[in-house]
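Remarks on the structure that follows.
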Amino acid sequence: MVLVLDSTPAPENAAPTAAVTAPRPTLAGLGREGLAAALAAIGVPERQRRMRVGQLWTWLYAHGVTSFDAMTDISKELRGRLAAAYSLDRPEIVTEQISADGTRKWLLRLPRRGHEARAPEIETVYIPESDRGTLCISSQVGCTLNCSFCHTGTQRLVRNLEVSEIVGQILLARDRIGDWPNFADRGAPDGAEIKDTHLLPSSERKITNIVLMGMGEPLYNFENVRDAMLVASDSGGLAFSKRRITLSTSGVVPNIARWGEEADTMLAISLHATRDDLRDVLVPINKKYPIAELLAACRAYPGLSNARRITFEYVMLKGVNDSLAEARALVRLLAGIPAKINLIPFNPWPGSPYECSDWEQIERFAEVVNRAGYASPVRTPRGRDILAACGQLKSESIKLRASQRATAAEGP
Ligand code: SAH
Ligand code: SF4
């Protein structure tokens with residue numbers, strides 16, 4: 001099913017007129033520092049700021065309110081000043097698609113910045129399973145890396161996401177699937193997003209896990225992704241356990257240890273090949289950080305233990321990396337690293353240069369891996385009918401010229 005929500009396409013050639021087009025900046029998704037700065041900007045005295053940040057935090061991240069009016073322990077006068085200067089907007093939904101298997105994919109439009117010809121778009125995916133619900137979020141618009149099997153890689157980076165745009169994906173998903181603990185307390189909604197009958201009160205969490213496996217290379221947007229995950233894991237708000245947050249990287253080696261020290265979530269590595277010559281083609285960042293260096297960084301990952309294993313992702317490409325010799329090489333390569341192996345059936349996209357391995361071959365490959373002691377490693381493709389599966393994400397954001405991208409961090 002495809003559900004297209006009411007959305008007005010951004011006029012492509014309209015010249016922005018500051019007073020009309022500048023929307024109020026949103027507070028939804030900001031960290032404590034961002035909220036404190038926003039309060040300072042409207043004249044809240046410094047001695048009050050900590051307390052006010054605490055109040056905002058609870059409303060935004062424990063209750064998920066979408067209106068300042070709902071913040072009943074904040075004076076009317078201050079609520080008025082907040083509402084005059086700021087919004088609680090989430091990223092704007094362009095489309096919401098619901099797969100036959102319950103997977104939902106949102107195409108989201110972000111506010112346009114000064115140099116951007118039109119508003120950039122990203123995708124977020126919710127994958128419900130019997131024992132968990134996983135939200136797959138994006139960290140960048142597009143990706144600077146060009147993994148040859150990945151749809152996102154065909155889209156050049158437009159820019160890094162802000163902290164509020166990363167956290168905003170979680171808020172929006174919880175809005176859409178009715179996943180706030182005290183839904184009835186959320187107050188008068190000021191947007192149209194509450195009309196949906198799917199949004200029933202729920203005392204149980206639907207989104208239990210977060211994976212940074214959407215568009216982008218999260219370790220190339222290090223600070224913003226880190227700060228966003230600190231908001232997501234704050235026990236006074238969204239309260240996701242760091243054990244239920246997984247960052248997936250193509251292998252930005254210098255940032256792996258730093259991520260462990262500063263964010264301390266679970267880690268997944270997009271390995272996909274057991275030899276450098278093949279990995280150079282599939283995951284070209286390998287030319288910069290080859291397999292041996294990548295695995296050394298994994299061995300040194302802070303907090304690594306049998307209870308906290310690294311997940312190695314391995315996409316199954318027919319005739320490319322799926323021989324049983326490669327299965328054995330994979331097992332040998334990971335010896336001594338507390339690891340899980342995730343075999344991902346390749347998800348094709350229009351024009352993709354590979355085919356998914358035959359199911360029998362995936363099973364044979366999995367058997368070698370299983371015999372080496374790694375349990376149930378094949379990831380069932382989800383949401384394929386709506387191109388929501390791994391590596392199928394690609395928004396139509398405009399590709400900027402190199403000179404225009406100068407401000408977009410593209411990693412070291
Ligand atoms: N940039 C990060 C995270 C986003 S990609 C990374 O590369 O790890 C999330 C996962 O989907 C990665 O393991 C990636 O290799 C995998 N992937 C990409 N394209 C895919 C495709 N077409 N089919 C299956 N998996 C894919
Ligand atoms: Fe970027 Fe990851 Fe896709 Fe590679 S697999 S192009 S790193 S999003």
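The values are calculated or read from the model by the stated rules, or taken from the named source; none is laboratory data. Just so we're clear, the structure is a prediction, and the values are computed from it rather than from any experiment. Every residue, glycine among them, receives a Cβ derived from its backbone with ideal geometry; neighbour counts consider all protein chains shown. Surface accessibility is based on the protein's heavy atoms, side chains included, excluding ligands, DNA and RNA. Shrake-Rupley method; radii C 1.70, N 1.55, O 1.52, S 1.80 Å.
Structure above, values below:
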item	result
Extension gain from Lys287 to Thr380, taking 0.36 nm per residue of separation minus the Cα-Cα distance	30.5 nm
Alpha-carbon Rg/Rh ratio, for the range 32-177, with Rh computed the Kirkwood way	1.03
Anchor Lys242: aspartates and glutamates whose Cα lies under 14 Å away (excluding residues fewer than 8 positions away in-chain)	Asp227, Asp234, Glu261, Glu262, Asp264
Debye-sum result for the range 245-388 in log10 I(q)/I(0), which assumes one identical scatterer on each alpha carbon, at q = 0.11, 0.18, 0.20 Å⁻¹	-0.40, -1.09, -1.31
Space enclosed by the convex hull of the alpha-carbon atoms of the range 32-85, per residue, Å³	76 Å³
Average accessible area per residue (Å²) across the range 277-338 - probe 1.4 Å, nucleic acids and ligands excluded	41 Å²
Unsatisfied cross-links (Cα-Cα over 31 Å) in the set Lys287/Lys318; Lys206/Lys340; Lys76/Lys105	Lys76/Lys105
Point-charge dipole on Cβ atoms (K/R +1, D/E -1) for the range 32-85, about Cα centre, debye to 20	120 debye
Those aspartates and glutamates that a straight Cα-Cα span of less than 12 Å connects to Lys288, excepting residues fewer than 8 apart in one chain	Asp276, Asp280
Lys/Arg +1, Asp/Glu -1 at C-beta; the range 80-169 dipole; positive extreme among Ser138, Ser87, Tyr126	Ser87
Potential extension, Gln55-Ile74 segment - 0.36 nm per residue separation minus Cα distance	6.1 nm
Contour minus Cα-Cα distance for Arg299 and Arg112 (0.36 nm per residue)	63.2 nm
Euclidean distance of C-alpha centroids, the range 136-179 and the range 290-319, integer Å	23 Å
Long-range amide H partners of Arg159 with built H, under 5 Å	Val141
Centre separation in Å (Cα based) which lies between the range 56-118 and the range 326-371	39 Å
Efficiency of FRET between Ala83 and Asp280 - r from beta-carbon atoms, R0 60 angstrom, step 0.05	0.65
